[in-house]
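Asks: Below: one structure in structure tokens.
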Amino acid sequence: MEHTDLYINGEWREGADKARFDVLNPATEEVLASVASAEIADADAALDAAEAAMKDWAARTPRARSEVLRKAWELMTARLDYFANLITLENGKAGVDAKGEATYAAEFFRWFAEEAVRADGLITHAPASGARIIVQHKPAGLAVLVTPWNYPAAMGTRKIAPALAAGCGVIIKPASETPLTMLALMPLLEEAGVPAGLVNVLPSRRTGALVDHLMHDPRVRVISFTGSTGVGRKLLKGAADQVLKPAMELGGNAPCIVFDDADMDTAIEGTMLAKMRNLGEACTAANRIYVHENVAEEFTRRLTERMQALKVGDGTDPSVDVGPLVNADTRDKVAEFVSDALAKGAKLECGGTVPNGKGFFYPPTVLSNVPETADCVQDEIFGPVAAIQTFTDQEDVIARANDTEYGLVAYVFSEDMKRAIQVCERLDYGMVGLNRGLVSDPAAPFGGVKQSGLGREGGHEGMLEFMETQYISASW
């Protein structure tokens, strides 16, 4: 791999103590690269660099920042195959899925290039005093970005692009399983015109200590994290010490509700996308599939046929639909979910067996008659397992869908638009996919409620997460 060191102040360098860690190919379990592991001294160097670079960057006109982001989109779009291949190598996802992620990741640069010039303010009169009220948005300050392994490119660009559009400098801590894609993005940003020091990347095996140190530096004003709710809670406690502005995209337990008047082709296609995008390793994955008993037999049969038809193998093979899970722990957890559900009365329709040989593979699996007591109903599966339950009553399925601490995304399939919209509005989720299995879009505010997070990424709201509102009371 071309770049495996830390990226600080526009330079490639070893960590302070020269420690390194291995990144594995999940399809072969072979070592892809040895990557530098950042320490506290490296974090301080990155903070110094970001602070210095941000002074000039924040002072640039919104249009100047916009042009750099637009150039980044053009450059990444021209290199989609390169990034897709790298994503597959370190994450495992199939080539077509990786190409989709690379395209999605690049689009954040274009979207926030357009949003950079739209940080609109306000001038008005105070009704009582007659003073002018001037409201404007300013860069919040240095931002620490902590990204997960399931989308090595997109979860980074979804944070980098709005931060740069807002005028902030950033320090990125990519997941230890998948740091190579984010490191590979840095030469592209250089070419696009991002100043040295404005974006710094710190892979590390000491994630907790490193991020905690960064959050307790007074120059840091924003912590943006995508990952599990458990880790998010810990980061929020640490952020409280400095009263940091938090943007948290946390776990999910997405319900997928298929009514008996749903168009079955649309419901199957949408459920496959909601379940199998990124092999189910997504917080947006359909986790609890509720199907009306009138159509449950047909739905289960057709979904099983689709899942059985998927080809499993190394994602670098263009004919493969389903690659490996990211590591052995993730695969083993998925297998445990299936075993638990079967022991509690679920029926295995297909899959369900860990294959022999190298690689962290798990076959596309369908479970029917899954009981409420199954662990996979209570927690994220994060793998290629479709857990089907049935319902008959609308009120009952809404209550069951909402009966979770999570509130990221839900899916509804129905041709009765009046009923469908009413159901969507009663679901306690930050996002709902209505007759579609994909909600992620750079132009839309992505995020959840309850234990699924704080703030939004994408849309206009995504840039405001990296800005503070200033009010000036003026007389003249």
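Asks: Taking the condition of being crowded, with 21+ Cβ neighbours inside 10 Å and assigned to a loop (DSSP other than H, G, I, E, B), how many residues in segment 323-339 meet it?
Replies: Applying the first criterion (crowded, with 21+ Cβ neighbours inside 10 Å) to segment 323-339 yields 323-326, 330, 334, 337-338.
The next check asks that each one be assigned to a loop (DSSP other than H, G, I, E, B); those that pass are 323-326.
The qualifying residues number 4.
Asks: Right, here's the next one. Which one of the conditions (1) open to solvent by less than 60 Å² (accessible area, probe 1.4 Å); (2) not in a loop (DSSP other than H, G, I, E, B) does LEU342 fail to meet, given that it meets all the rest?
Replies: LEU342 satisfies all of (1) open to solvent by less than 60 Å² (accessible area, probe 1.4 Å); (2) not in a loop (DSSP other than H, G, I, E, B) except (1).
Asks: I need a count of the residues in segment 319-343 that are touching a helix residue (DSSP H, G or I) at 6+ places or on another chain (Cβ under 6 Å) and more than 24 Å from VAL31 (Cβ to Cβ).
Replies: Looking only at that region, the number is 3.
Asks: Is it the case, given these coordinates, that GLU293 is crowded, with 24+ Cβ neighbours inside 10 Å and at pLDDT 95 or above? Spell out the reasoning first.
Replies: Values: crowded, with 24+ Cβ neighbours inside 10 Å: no; at pLDDT 95 or above: yes.
Criteria not met by GLU293.
Asks: What about ALA443, is it modelled with pLDDT of 95 or more, out of contact with any Pro (no Cβ under 8 Å at 6 or more places or on another chain), at negative phi and part of a strand (DSSP E or B)?
Replies: Numbers: modelled with pLDDT of 95 or more: yes; out of contact with any Pro (no Cβ under 8 Å at 6 or more places or on another chain): yes; at negative phi: yes; part of a strand (DSSP E or B): no.
No.
Asks: Listed residues ALA166, ALA143, ALA128, ALA116; which is over 30 Å from PRO318 (Cβ atoms), at pLDDT below 95 and hydrophobic (A, V, I, L, M, F, W, C)? Spell out the reasoning first.
Replies: Numbers: ALA166 fails: at pLDDT below 95; ALA143 fails: at pLDDT below 95; ALA116 fails: at pLDDT below 95.
Just a single option satisfies the conditions, and that option is ALA128.
Asks: So which residues in segment 359-408 are β-branched (Val, Ile, Thr) and outside any helix (DSSP H, G or I)? Spell out the reasoning first.
Replies: Of the residues in segment 359-408, the ones β-branched (Val, Ile, Thr) are 365-366, 370, 373, 377, 381, 385, 388, 390, 392, 397-398, 404.
Those that are β-branched (Val, Ile, Thr) and outside any helix (DSSP H, G or I): THR365, VAL366, VAL370, THR373, ILE381, VAL385, ILE388, THR390, THR392, THR404.
Asks: In segment 76-134, what residues are among the polar types (S, T, N, Q) and in a strand (DSSP E or B)? Full working, then the answer.
Replies: Filtering segment 76-134 for residues among the polar types (S, T, N, Q) gives 77, 85, 88, 91, 103, 124, 129.
Matches in segment 76-134: THR124 only.
This table checks each residue for (1) farther than 24 Å from ALA239 by Cα; (2) not small (Gly, Ala, Ser).
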residue	(1), (2)
PRO127	yes, yes
VAL144	no, yes
PRO148	no, yes
ALA153	yes, no
LYS159	no, yes
GLY167	no, no
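Asks: Does segment 160-183 include one or more residues that are open to solvent by 10 Å² or more (accessible area, probe 1.4 Å), in contact (Cβ under 8 Å) with a residue 40 or more places away in the chain and more than 22 Å from the chain's Cα centre (by Cα)?
Replies: For segment 160-183, residues open to solvent by 10 Å² or more (accessible area, probe 1.4 Å), in contact (Cβ under 8 Å) with a residue 40 or more places away in the chain and more than 22 Å from the chain's Cα centre (by Cα): absent.
Asks: Something else: If you scan segment 83-129, which residues turn out to be within 18 Å of the chain's Cα centre (by Cα), among the polar types (S, T, N, Q) and open to solvent by 50 Å² or more (accessible area, probe 1.4 Å)?
Replies: Within segment 83-129, THR103 is the sole residue that qualifies.
The values are calculated or read from the model by the stated rules, or taken from the named source; none is laboratory data. The structure displayed is predicted, hence computed values, not measured ones. Don't worry about glycine lacking a Cβ; one is built from the backbone with ideal geometry, like all the others, and counts go over all protein chains shown. The accessibility values were calculated without ligands, DNA or RNA, using every heavy atom of the protein model including side chains. Shrake-Rupley method; radii C 1.70, N 1.55, O 1.52, S 1.80 Å.
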